[in-house]
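**Student:** I'd like to ask some things about the structure below.
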Amino acid sequence: MLKVGLTGGIASGKSAVGEMLVALGAHLTQADQIAHSLMQPGQGVYNEVVRHFGRRILNADGTINRGNLAEAAFGTVVSAEGEQNSRIEELNRIVHPAVLQSQRDWMKAIGLNDPKAVAIVEAALILEAGAVKDFDRLIVVTCDEEQRAVRFAARQKISLEAARTEVARRMSAQLPDQEKVKVADFVIDNSGSLDRTRAQVRQLWDHLGAEAAQPSRH
């Protein structure tokens with residue numbers, strides 16, 4: 001089995017690339033969906049998040065409002081020394097260990113079921129979480145800044161100006177694309193049309209599929 005990390009900045013098109021790879025035969029899980037499941041009421045991660053960030057992040061039914069949590073985590077707080085800091089690292093320390101373990105368990109299960117599988121984990125913070133060692137190959141999806149903002153505006157149904165501000169705020173908590181590219185095995189430039197991206201993904205799949213099928217991997 002080939003274990004593959006799929007990463008990139010916010011609104012770069014990771015999910016679109018992941019969907020294309022699944023269509024070609026890959027297995028895929030998303031760190032964001034794992035985190036969402038771990039933050040359901042009754043889960044240990046849920047309890048810790050609420051303890052740290054307060055009940056103001058909750059909906060009326062007790063579930064976590066992801067918008068409120070993002071605001072609490074990415075918004076700035078003023079320290080005793082007068083410095084402005086976000087609380088995203090605090091959130092990551094709670095959530096990341098459980099997400100990483102869940103990813104490892106998922107990949108192990110895929111490998112037991114299909115020794116020639118290409119198992120892909122889509123996650124924005126693979127490098128930031130120190131999870132590169134969990135993978136055989138790393139794919140980084142990039143796009144230009146304006147397209148990133150346009151896509152985020154469409155996804156969140158907000159103005160382009162508001163999207164530019166929010167993307168910049170969230171990107172500040174991530175490594176720049178150029179740093180991720182330096183350690184990538186494969187780079188998908190998603191700045192153009194979907195057809196152009198799809199052509200890159202097909203070529204990438206040829207590499208991944210061939211590597212996963214090598215007898216030395218089993």
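**Student:** Short version: ³J(HN,Hα) in whole Hz for each residue of region 189-195, in order, from phi by Karplus 6.51 cos²θ - 1.76 cosθ + 1.60 (θ = phi - 60°), x for Gly and Pro, what are they?
**Tutor:** 8, 9, 7, x, 6, 5, 4
**Student:** Let me ask something else. How would you order 19-29, 121-131 from highest to lowest mean count of nearby Cβ atoms within 10 Å?
**Tutor:** 121-131, 19-29
**Student:** Here are labelled values, (1) 18.3, 58; (2) 16.1, 51; (3) 16.3, 48, and one is the computed Rg and Dmax of the Cα atoms in Å for what I pasted. Which one?
**Tutor:** This structure yields the entry labelled (1).
**Student:** If I fit a long axis through the Cα atoms of helix 160-171 and take the longest principal axis of the Cα atoms of the chain, what angle between them do I get, 0 to 90°, rounded to 10?
**Tutor:** 80
**Student:** Related question: Let me know the shape class of region 162-218, please: from the alpha-carbon gyration tensor, a ≥ b ≥ c as square roots of the eigenvalues, rounded when a/c is under 1.5, otherwise prolate if a/b is greater than b/c, or oblate.
**Tutor:** Details: a/c = 3.60, a/b = 1.83, b/c = 1.97.
Oblate shape, in that a/c is at least 1.5 and b/c is the bigger or equal ratio.
**Student:** Note down the magnitude of the dipole of the chain about its Cα centre, charges +1 on Lys and Arg C-beta and -1 on Asp and Glu C-beta and zero elsewhere, to the nearest 20 debye.
**Tutor:** 360
**Student:** State the number of lysine pairs found in the chain whose Cα atoms come within less than 13 Å, restricting to pairs 8 or more positions apart or on distinct chains.
**Tutor:** Lysine pairs meeting both conditions in the chain amount to 4.
**Student:** Let me ask something additional. Return one number: the angle in degrees, 0 to 90 and rounded to the nearest 10, between the long axis of the Cα atoms of helix 14-24 and the longest principal axis of the Cα atoms of the chain.
**Tutor:** 30
**Student:** Over all directions, what mean area does the Cα convex hull of region 1-121 project, stated in square nanometres?
**Tutor:** Quarter of the Cα hull surface area: 9.1 nm².
**Student:** Along region 25-33, what does the Karplus equation 6.51 cos²θ - 1.76 cosθ + 1.60 (θ = phi - 60°) give for ³J(HN,Hα), rounded to whole Hz, x for Gly and Pro?
**Tutor:** Computed from phi, the couplings for region 25-33 are x, 6, 9, 9, 10, 10, 4, 5, 6 Hz.
**Student:** Could you tell me whether region 85-151 comes out rounded, prolate or oblate from its Cα gyration tensor? Rule is a ≥ b ≥ c as square roots of the eigenvalues, rounded for a/c under 1.5, then prolate if a/b exceeds b/c, otherwise oblate.
**Tutor:** The shape class here is oblate.
**Student:** Which log10 I(q)/I(0) values, to two decimals, does region 112-218 give at q = 0.18, 0.22 Å⁻¹ under the Debye formula with one point per Cα?
**Tutor:** Computed log10 I(q)/I(0) values: -1.03, -1.29.
**Student:** Once R0 is set to 22 Å, what does the formula 1/(1 + (r/R0)^6) return for the Cβ-Cβ distance between Ile158 and Val181, expressed as a FRET efficiency to the nearest 0.05?
**Tutor:** The formula returns an efficiency of 0.20 here.
**Student:** Given charges of +1 on the Cβ of Lys and Arg and -1 on the Cβ of Asp and Glu, with all other atoms neutral, how large is the dipole of region 32-78 about its Cα centre, in debye to the nearest 20?
**Tutor:** Roughly 140 debye for region 32-78.
**Student:** Quote the relative contact order of region 1-144 in percent (integer), defining contacts as alpha-carbon pairs under 8 Å separated by 6+ residues.
**Tutor:** Working: 189 pairs, mean separation 74.2, N = 144.
Computed value for region 1-144: 52 percent relative contact order.
**Student:** Follow-up. Enter the angle in degrees (range 0 to 90, nearest 10) between the Cα long axis of helix 88-113 and the first principal axis of the Cα atoms of the chain, meaning the one along which they spread out most.
**Tutor:** For 88-113 against the chain, the angle is about 30 degrees.
**Student:** In addition: If amide hydrogens are placed 1.01 Å from N in the peptide plane, which non-local residues have theirs closer than 5 Å to the one on Leu6?
**Tutor:** Excluding prolines and chain starts, which carry no amide H, the hits are Val121, Glu122, Ala123, Ile139.
**Student:** Also, quick follow-up: Could you rank the peptides 34-47, 139-152, 163-176 by their average count of other C-beta atoms within 10 Å per residue, with the highest value first?
**Tutor:** The peptides rank, most packed first, as 139-152, 163-176, 34-47.
**Student:** Right, next: Show the residues, 5+ positions off or on another chain, whose built amide H is closer than 5 Å to the amide H of Leu28.
**Tutor:** Ile120
Bear in mind that the values in this text are calculations on the coordinates, not laboratory data. What you see is a predicted model; the values in this text were computed from it and never measured. Backbone-built Cβ (ideal geometry, glycine too); neighbour counts: all protein chains shown.
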